[in-house]
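S.K.: Would you mind keeping the following structure in view while I ask a few things?
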Amino acid sequence: MLHFPLVALMLYGFWVIIVKKSESTHWNPELADALLLIGTFMASIAAFSGFILSKEEGYEADAIFWHKWLGIAISLVSLTWYSFRVYLSPWKTLSKLIASGFLLLLFIGGHLGGNLTHGEDFLISPVKSSGEGAAKVAFDQAKIFQDLVQPVLDQKCISCHNEEKSKGNLQMQTQALLAKGGKNGVLWDTTKTDLGLLISRVHLPLDDKKHMPPRGKVQLTDEEIELIAAWVKLGSRFDQLVSSLPPQNPIQTYAQNVLGGSSAEEKYDFGAADPDEVSKLNTTYRLIKPLSAESPALLVNFYNRANFKSEAIEALLPLKDQIISMDLSKMPVKDGDLKTLAKFHALRRLILNFTEITGASLADLKKLTNLKELSLSGTTVKAGQVKSLASFPSLKKAFVWSTGLTPEELAQLKKEKKITFETGFRSDTLILPLNAPMIENENQIIAGNAPISMKHQIPGTVIRYTLDGTEPDSVKSPVYNKPFAIGKNTFLKARAFKKGWYGSKQAEKFFFKAGFHIDSVKLITAVDQKYKANGNITIADGVKSERQQNSGKWLGYRDNEFQSYLLFKKPVKASNVTLSMLRNVGGFVFPPVRIEVWGGANEKSLKLLKVITPEMPVKETPNSENLIFDAGFEPQELSCIKLVARPLSKLPAWHPKKGEKAWVLVDEVFVN
C-alpha cells in the first residue's frame, strides 16, 4: 500500500517529463490513465493509513508533522491531477513543470518517511559503514557494549526507539536512555530466568505482537541474540573490554568474527558435527552455535530454569566430540548430572554458576582431560573439594566467588600455582545488595502437608519470610532455619539479610493446595484459538503456567465469557474454589469484572454460591502478575460446579488501546 503508489506515480511523472510531442509513439493514453488511477487510489489509502498510525504513541510531533501533511498533499495532488488530466497534455510545458514539482514532493515525503522508519541517516548509513569499516578498533581495545552490542542495536532497534520515534517510550541512542528503559520497565534483569524484557522479546514467536524487532523488520541473528544475552549476564556494563573475557566466551568468538580479533584460536583435531543434528538439537531454551565460521567446535548455552530437565544435557551426547564450552548458569543442575557432563570429553570450558551442585561428585569431572576452565561461583562446594581440582589434568582456571568458602580458605587457594583461582572482589567499605533467596520447590501445586525449602548461596545469610502475602522485614518476620510444611493455599514471600549488606529483593511464590480430583471439565463457551492451551483439561491438569502470556498453557477469553462445568463422579464436600489467572496490562490481560461460582447436584440444579468483583488495575499497576481468586462458601456436597468469569468490555482511557476488549486468561482451578 505504501511503496506501490510511490512507484506508480513516479513512473507516471517521469513518463510525462520525457514525452516530447503529441504524435509520440511512446505515449499510451489508456496505460497512462490506468497508471495514474492506480497510483492515486492507493496513495489515498496509504495517506489515510499513515494518518491513523500517526495517532499512535512514540512519535515526536515535529518529526512527523511534515511527513504526515506531505503524504496527505501527495494524495490530494494526485487526485486533482487525475481529475484534470484531459486538460494537461503530457507534452505541454505546464504538465512537465507539474510533473517535476510532483516528483520533488514524492521524494521529500518519501525521504521523511524513511527517516521516521529507519532513522535520519538511513540513506547514507551504508556509505558510512563502509568508511568506518576501514578503521575498526583494535581487538585489545574493543569494548563489549560500544564496539559489539551498540552496533547491533543501531542496526536492528534504534529506528523504532529514538528521539523522533520512541515506541513504548523507549529510546536507545544513549547509554543513559538505554539503562532507563521504557514504559514497560528496565530492559534487563539478571534475577529473572529470561533475563528481562530485551532478551524475552526477541525470543517470542515472530507472529507475536510483542516480538522484537517487529515482523517485517530485519531480525537479529542467533549470534547477535547470544551476544546481547551474554552481555546482560555479565552485568550489562558499558565499559568492559572484550579482552577481559576468557577465550571460549561467546562474546570473544563474536568479536573475532566482527573485529578480526587477534585472539588465537585452538586448532581442533575433530571433524564438524552433522548440521542437521545441530539444527535438531537447537531449541528456544538451548542454543548451539559454532565457535567461529570455519571451526568444528561448538558452544552451548542453556536458558529458562523452569523448562530445564537433566535430559536436556544427555540429549547433547551425539555432539560430545564437538562441544568445547557449555554454560549452565542458574539451571537446576544437581550432583548426579556431573556424571553425564563427564562424557563430553571435548569440553574446554564448563560454567556451573549458581546451580544446585554441592561438590559431592566433583571428582567425576576429572575425566574431562581437555577441561581448562571451570566456574563454580554461587554453589555450596567445600574447600576440600575445590582443592582436589589441582589433580585435574588440564585445568588452568577456576572461579569460586560467592561459595561456602571462608576468607582464609580463599586466601589459601590464591597460593595455588597450578590453577588460577578467581575468588571475586572483597571490600570492607563497599555495601552491596544481596541477591534474592531461592525457593527450591519448583511445583506450585502441593498435596497434603508439603515441605517448603529455601536457600541462599552466600554463607551466613538470614532468610526471613511471611505466609500471608505481607512484606517480610529484617526484624519481626520469622527466620527460616529448616523446611516447614504448608497444607493450604499459601503466598510465600522471602528476603535475605546479612550484616554489611543491603537486604535482597523479594522472592515470592504462591502455592496451591491440590484439592479434590476433578473427574471431567466441560467448557460451555468456546475458547479463543489464540489461547487454547490443551482445551478443557487445561484447568484441571495440575500444570501451573509461567507468568509469560505466551507460554501456551493459558485458556483465553475475550469475545465470550469464560464458562465451565467441573464434574465429579461422586459428590465432594467443598467450601472453596480457587482460580489461577493472569494480569498483563501491556498485553491487554485484565482481571475479569465479575466471577461467579455456582454449585449443585447436576447441571440443572445449580445455585449461586459466591460472587467476586475483582479490583481493576490503574495506570501505576505492575504490568505482569499471577492473580489468585479464592471463592469461599458454606461447606456442602457438590457434584457439579459452574464457573463464570466476565472479561472487561472496554480498556480504560489511560490504556494505549483504550476502548478495546480485554482478555481473561485462566490456567488452573482447585476445589477444596
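S.K.: For Ala601, state whether it is farther than 25 Å from Tyr531 by Cβ and small (Gly, Ala, Ser).
M.R.: Against the criterion (farther than 25 Å from Tyr531 by Cβ and small (Gly, Ala, Ser)), Ala601 qualifies.
S.K.: Also: Say we look at the range 302-353 and pick out the residues that are touching a residue at least 60 places away in the same chain (Cβ under 8 Å) and farther than 22 Å from Glu546 by Cβ; which of these is surrounded by the most Cβ atoms within 10 Å (Cβ to Cβ)?
M.R.: Ile324
S.K.: Could you please find all residues in the range 534-580 being small (Gly, Ala, Ser) and assigned to a loop (DSSP other than H, G, I, E, B)?
M.R.: Going through the range 534-580, the residues small (Gly, Ala, Ser) turn out to be 535, 540, 542, 545, 551-552, 556, 564, 574-575, 580.
Result: Gly542, Ser545, Ser551, Gly552.
S.K.: Tell me whether the range 598-619 contains one or more residues that are under 27 Å from Lys544 (Cβ atoms), of a type in the set (S, T, N, Q), at pLDDT 90 or above and part of a loop (DSSP other than H, G, I, E, B).
M.R.: Yes - at least one qualifying residue is present in the range 598-619.
S.K.: For the range 211-233, which residues satisfy the criterion of being modelled with pLDDT under 80 and on the phi < 0 side of the Ramachandran plot?
M.R.: Going through the range 211-233, the residues modelled with pLDDT under 80 turn out to be 211, 214-218.
Answer for the range 211-233, where residues must be modelled with pLDDT under 80 and on the phi < 0 side of the Ramachandran plot: His211, Pro214, Arg215, Lys217, Val218.
S.K.: Checking the condition outside any loop (DSSP other than H, G, I, E, B) and surrounded by fewer than 18 Cβ atoms within 10 Å (Cβ to Cβ), which residue from Lys522, Lys488 passes? Give the derivation first.
M.R.: Details: Lys488 fails: outside any loop (DSSP other than H, G, I, E, B).
Exactly one of Lys522, Lys488 is outside any loop (DSSP other than H, G, I, E, B) and surrounded by fewer than 18 Cβ atoms within 10 Å (Cβ to Cβ), namely Lys522.
S.K.: Separate question: Within the range 575-596, work out how many residues are among the small types (Gly, Ala, Ser) and either without any contact (Cβ under 8 Å) to a residue 24 or more places away in the chain or crowded, with 22+ Cβ neighbours inside 10 Å (or both). Step through it out loud before you land on a result.
M.R.: Restricting attention to the range 575-596, the residues satisfying the condition of being among the small types (Gly, Ala, Ser) are 575, 580, 586-587.
Checking which are either without any contact (Cβ under 8 Å) to a residue 24 or more places away in the chain or crowded, with 22+ Cβ neighbours inside 10 Å (or both) leaves us with 580.
Number of matching residues: 1.
S.K.: Next question, about the same structure. Being β-branched (Val, Ile, Thr) and over 17 Å from Leu227 (Cβ atoms) is the filter here; which residues of the range 167-207 pass it?
M.R.: Taking the range 167-207 and keeping what is β-branched (Val, Ile, Thr), we get 174, 186, 190-191, 193, 199, 202.
Of everything in the range 167-207, those that are β-branched (Val, Ile, Thr) and over 17 Å from Leu227 (Cβ atoms) turn out to be Thr174, Val186, Thr191, Thr193.
S.K.: Checking Lys570 against (1) of a type outside the set (Val, Ile, Thr); (2) at pLDDT below 90; (3) farther than 25 Å from Phe491 by Cβ: exactly one of these is not met. Which one?
M.R.: With respect to (1) of a type outside the set (Val, Ile, Thr); (2) at pLDDT below 90; (3) farther than 25 Å from Phe491 by Cβ, Lys570 is out only on (2).
S.K.: Also, I was wondering about something else. For the range 325-347, what are the residues that are in contact with a Phe, Trp or Tyr (Cβ under 9 Å, 6 or more places away or on another chain) and of a type in the set (A, V, I, L, M)?
M.R.: Met326, Leu328, Met331, Val333, Ala346
S.K.: Restricting attention to the range 423-446, report how many residues are in a loop (DSSP other than H, G, I, E, B) and at pLDDT below 85. It would help to see each step written out before you state the result.
M.R.: Of the range 423-446, the ones in a loop (DSSP other than H, G, I, E, B) are 423-432, 434-437, 440-444.
With at pLDDT below 85 added as a condition, the list becomes 423-432, 442.
Residues flagged as in a loop (DSSP other than H, G, I, E, B) and at pLDDT below 85 within the range 423-446 amount to 11.
S.K.: Still on this structure, I have one more. Whether any residue in the range 413-422 is surrounded by 18 or more Cβ atoms within 10 Å (Cβ to Cβ), in a loop (DSSP other than H, G, I, E, B), at pLDDT 85 or above and in contact with a Phe, Trp or Tyr (Cβ under 6 Å, 6 or more places away or on another chain) is what I want to check.
M.R.: No: the range 413-422 contains no residue that is surrounded by 18 or more Cβ atoms within 10 Å (Cβ to Cβ), in a loop (DSSP other than H, G, I, E, B), at pLDDT 85 or above and in contact with a Phe, Trp or Tyr (Cβ under 6 Å, 6 or more places away or on another chain).
The values are calculated or read from the model by the stated rules, or taken from the named source; none is laboratory data. Everything numeric here is computed off the predicted structure, so don't read it as measured data. Here Cβ is always computed from backbone atoms with ideal geometry, including for glycine, and neighbour counts include all displayed protein chains.
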